[in-house]
Amino acid sequence: MRVLVTGATGFVARTVIPLLIERGHTVRAVVRRPGATVPGVEDVVAVGDIGPTTNWGTALEGIDAVVHLAARVHVMKDKATDPLAAFRRVNTAGTRVLAEAAAVAGVKRLVYLSSVKALADESRPEPLSEETSPDPHSPYGISKLEAERALAEISMRTGLEVVVVRPPLVYGPGVGGNFRKLLQAVDLGIPLPFGALDNRRSLIYVGNLADAILECLTHPQAAGGRFLVHDGRPMSTAELVCAIADALGKPARLFPVPLSLLARFARLARREPVLDRVAGTLVVDDGAIRRVLNWRPPYYPAYGLRLTAEWFKALRG
């Protein structure tokens, strides 16, 4: 199969593209700027900034399927004047234009990397599933949900097969954001006040996510699916710190602070969203992809964390 991959220089694509090639697919990589290279890929097309005016004509010529990974990603301190408009331009309008062009070009299937944030941004006690009513509040989550709905409408109208994949926090070699900050803190031996937390968070190793994306790309029953994916077992923040410490070969320096006290400090520092990500519970139910596609994550979290730790240790020298 000839597969177009957007966001080809990004974190997830760096695992998806080699796996596509390993399994015999031909990859055309989409990048923003001319001259960018993608390891292992000779067919690289620059399309500029992704949005409502992107010209996809050349990129889609002869393509059988699309894996749409490009996105404006969630950030804690967004500097955009109108964050929702900025997210909608790339994630909603950009996705809609790509799907319309793909349908015209005769593409059979489009796999869209969405996010659990299309369902919910804040922690909640009950697991998220395909039956959960979407209620995103962040600009990022809203733009992702709107993109999903646009894809469903285009699919119904044109016959383009659409598959939506909704991961929680993704980790692995090359990870950034809060997960890298946690790696740094554990590596430096900084004491962390999470010893009393009994929360649960679903995560997914990027290798497991890539495998799920390829299953959604090729499985006959995947068309029309909206699949939540994760590593198979949620972890508390304390468990995650211990697992990272073990992978790094460092002690887990945890000490217990009551959640009520952490919440008080977070309010004073205006860091409630950060505390929610650290101390809240957000679990996903991946029953649909297991039932419909018989998919199981091929890698245990310990394996993914070990590779992440090896990458991090090589990065810091």
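The values are calculated or read from the model by the stated rules, or taken from the named source; none is laboratory data. Computed from a prediction, not measured in an experiment: that's the story for all the values here. Note that each Cβ is placed from the backbone with ideal geometry, even for glycine, and that neighbours are counted across all protein chains shown. For accessibility, only protein heavy atoms count, side chains too; no ligands or nucleic acids. Shrake-Rupley method; radii C 1.70, N 1.55, O 1.52, S 1.80 Å.
Return the residues of the stretch 115-136 that are out of contact with any strand residue (DSSP E or B) (no Cβ under 8 Å at 6 or more places or on another chain), modelled with pLDDT of 90 or more and of a type outside the set (D, E, K, R); say none if nothing qualifies. Within the stretch 115-136, THR132, SER133, PRO134, PRO136 qualify. Count of the stretch 231-280 residues, restricted to those that are farther than 28 Å from TRP311 by Cα and part of a loop (DSSP other than H, G, I, E, B), is 6.
Selection over the stretch 303-317 of residues that are modelled with pLDDT of 95 or more, open to solvent by 50 Å² or more (accessible area, probe 1.4 Å) and not hydroxyl-bearing (Ser, Thr, Tyr) gives a count of 3. Residues in the stretch 220-245 that are within 23 Å of PHE11 (Cβ to Cβ) and open to solvent by 50 Å² or more (accessible area, probe 1.4 Å): ARG226, ARG233.
Looking at the stretch 86-96, can you tell me whether even one residue there is under 24 Å from CYS216 (Cα atoms), assigned to a loop (DSSP other than H, G, I, E, B) and open to solvent by less than 60 Å² (accessible area, probe 1.4 Å)?
The answer is no; no qualifying residue exists.
Of all residues in the stretch 168-183, those being assigned to a loop (DSSP other than H, G, I, E, B), open to solvent by 10 Å² or more (accessible area, probe 1.4 Å) and in contact with a helix residue (DSSP H, G or I) (Cβ under 9 Å, 6 or more places away or on another chain) number 3. Each residue in the stretch 184-219 was checked for being more than 20 Å from THR15 (Cα to Cα) and not in a loop (DSSP other than H, G, I, E, B), and 7 pass. For the stretch 34-59, a tally of residues being under 24 Å from GLU100 (Cβ atoms) and in contact with a strand residue (DSSP E or B) (Cβ under 9 Å, 6 or more places away or on another chain) returns 9.
With the structure loaded, tell me whether LEU282 is closer than 21 Å to ALA210 by Cβ, of a type outside the set (D, E, K, R) and either loosely packed, with under 15 Cβ neighbours inside 10 Å or at pLDDT 90 or above (or both) or whether it fails that test.
The answer is no for LEU282.
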